[in-house]
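Asks: Dumping the structure here so I can ask a few things about it.
Just so it is clear, none of the values below were taken in a lab; they were calculated from the coordinates. Bear in mind that the values here come from a model prediction, so they are computed numbers and not experimental data. Methodologically, a virtual Cβ is constructed for each residue, glycine included, from the backbone with ideal geometry; neighbour enumeration extends over all protein chains shown.
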Amino acid sequence: MHATPSSTPSTTLTFTTEQPLDDGVLERRFTLNDVPGILWTPPSATPSAPAPLILLGQPGGLGMDRMYPRLVGRARHAASAGIATVALEGPGNGDRPPLPGADQARADLRTTLAAGEPVPDDLVDRLVLPLVDQAAPEWQAALDALLALPGIAGPVGYSGGLIALGVRLALVEPRIVAAGLFAGSYVPRATFKEARRVTIPVHVLLQWDDEGNDRQAALDLFDALGSTEKTLQANLGGHTGVPAFAGDDAGRFFVRHLR
C-alpha cells in the first residue's frame, strides 16, 4: 500500500508487513522513503472514528529491533485507550547509514567519561544536534503520510526518546499538541533556547538515580520550558527502573490531551 501526501509529493509510505497482535492491535511495518518504521493501530480505529496518534521516540544508538519489546509494550498501552502509535528508525540506527562524525563523537565521549572529566558543550552538540536536525523533518514527513491514512487523524503527541528531539518537535510541529519527555540524554545548549519557546503541555519523566543522566541539566531544562502546563515526575531508581505507575501516569496525560 502506498500513501503519497500532496503536501510532500516526494515522500512515499510503503507498508511491507501486516499482522494483528493477540489483543486486536494491528501492527504494520513500513518504509518512508528509505526510513523503516512501525505503525500500531487500535481495533477501535476506523475511517469514521479515526484514532489520535503518538510518536514513539527511542534512544539513539540502539535501533528499532532492539527496542521492539519496549516499543510494542508502549504501543499496546496506548491502544487500550484508543490511541495509535508509530516508531521510526532514527538516523544512524539499525541498517541506516551512520551520521557523519557520529563515530568520532561517541569515541570522544567514551574517552571523556573514562577520564572522569565533564562532557564539554561542543561534544554534546556534536553528539546530539546532527541527529535532531535530520530526525525532526523525517518525523514531520511521516506525519504528512500517516495523517492521510484512513483511521488516523490526530491530534498528535510525542513520547520519549531523545529529549532534545522531543523539544525540537514540540516547538516546530504544530500538529503535536502534547509531549511526554524522558530525561536522561545529553542536552545541547540550543535545546535550552528552544525549550523557552515551547508552549504545549509537557510531562517530563526523570529517574533520580540515573547514572548516565545529568540530573541538574534535566531540572534546568524543565525550568526553561515555556509551557504553562508542565509536570515533572521524578522517581528513585536508575535508567531502567521506571516504575509501572509512571507509565500509567504518562498514559493519562496523553488521554487527557489527545482524546
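Asks: If you stretched the chain out fully between T231 and R29, how much longer would it get, using 0.36 nm times the residue separation minus the C-alpha to C-alpha distance? Before the final figure, lay out each step's value.
Replies: Working: separation 202, 0.36 × 202 = 72.72 nm, distance 3.30 nm.
Gain on stretching T231 to R29: 69.4 nm.
Asks: Near the amide H of A153, under 5 Å away, which other amide H atoms are found, from residues 5 or more places off or on another chain, if H is placed in the peptide plane?
Replies: A51
Asks: Given H placed on each backbone N at 1.01 Å, which residues far from K230 in sequence or on other chains put an amide H within less than 5 Å of it?
Replies: V202
Asks: Modelling each spin label as a point 7 Å along the Cα-to-Cβ direction, I'd like the T46/E211 distance in nm, to one decimal.
Replies: Result: 5.2 nm between the two label points.
Asks: If you don't mind, another one. Can you run the Rg to Rh ratio on the chain? Use alpha carbon positions and the Kirkwood inverse-distance Rh.
Replies: Details: Rg = 17.8 Å, Rh = 18.7 Å.
That ratio equals 0.95.
Asks: Now for a different question. Go through the stretch 147-153 residue by residue and turn each phi into a ³J(HN,Hα) via Karplus (6.51, -1.76, 1.60, θ = phi - 60°); whole Hz please, and just put x for glycine and proline.
Replies: In residue order, the calculated couplings are 6, 8, 7, x, x, 10, 9 Hz.
Asks: Hey, could you pull the Cα Rg and Dmax for the stretch 76-146, both in Å?
Replies: My reading of the Cα-based Rg and Dmax gives 16.4, 48 Å.
Asks: If you place +1 on the Cβ of every Lys and Arg, -1 on the Cβ of every Asp and Glu, and leave all else neutral, what size is the dipole of the stretch 10-66 about its Cα centre, to the nearest 20 Debye?
Replies: With only Lys, Arg, Asp and Glu charged at Cβ, the dipole is about 140 debye.
Asks: Let me ask something else about it. Starting from the Cα of E117, step 7 Å along the direction of its Cβ; do the same at D248; then give the gap between the two resulting points in nm.
Replies: Taking the simple label geometry, E117 and D248 are separated by 4.7 nm.
Asks: Related question: Considering all alpha-carbon pairs of the stretch 162-204, what whole percent are spaced by more than 16 angstrom? Could you put the intermediate results ahead of the total?
Replies: On the way: 219 of 903 pairs.
Counting every Cα pair in the stretch 162-204, those more than 16 Å apart make up 24 percent.
Asks: Determine the percent antiparallel among the DSSP beta bridges restricted to the chain, to the nearest 5. Spell out each step's value before the answer.
Replies: Values: 20 of 43 bridges.
Antiparallel: roughly 45 percent of the beta bridges in the chain.
Asks: On to the next question. Computed FRET efficiency, Cβ-Cβ of A107 and K193, R0 25 Å: what is it to the nearest 0.05? Walk me through the numbers on the way to the answer.
Replies: Working: r = 28 Å, r/R0 = 1.11.
Computed FRET efficiency for A107 and K193 comes out at 0.35.
Asks: Largest first and to the nearest Å, give the Cα extent of the stretch 1-117 along each principal axis.
Replies: Result for the stretch 1-117: principal-axis Cα extents of 58, 33, 22 Å.
Asks: Relative to the compact-globule scaling 2.2 N^0.38 Å, provide the ratio for the alpha-carbon radius of gyration of the stretch 25-88. Write down the numbers at each step before the final one.
Replies: Values: Rg = 11.8 Å, N = 64, 2.2 N^0.38 = 10.7 Å.
For the stretch 25-88, the normalised Cα radius of gyration comes out at 1.10.
Asks: Please identify every one of the GluC sites (Glu not before Pro) in the stretch 187-259 that sits in a loop by DSSP and has no more than 14 other beta carbons within 10 Å of its own beta carbon. Mind showing how you got there, number by number?
Replies: Numbers: sites: E194, E211, E229; in loops: E211, E229.
Within the stretch 187-259, the qualifying GluC sites (Glu not before Pro) (loop, at most 14 other Cβ atoms within 10 Å) are E211, E229.
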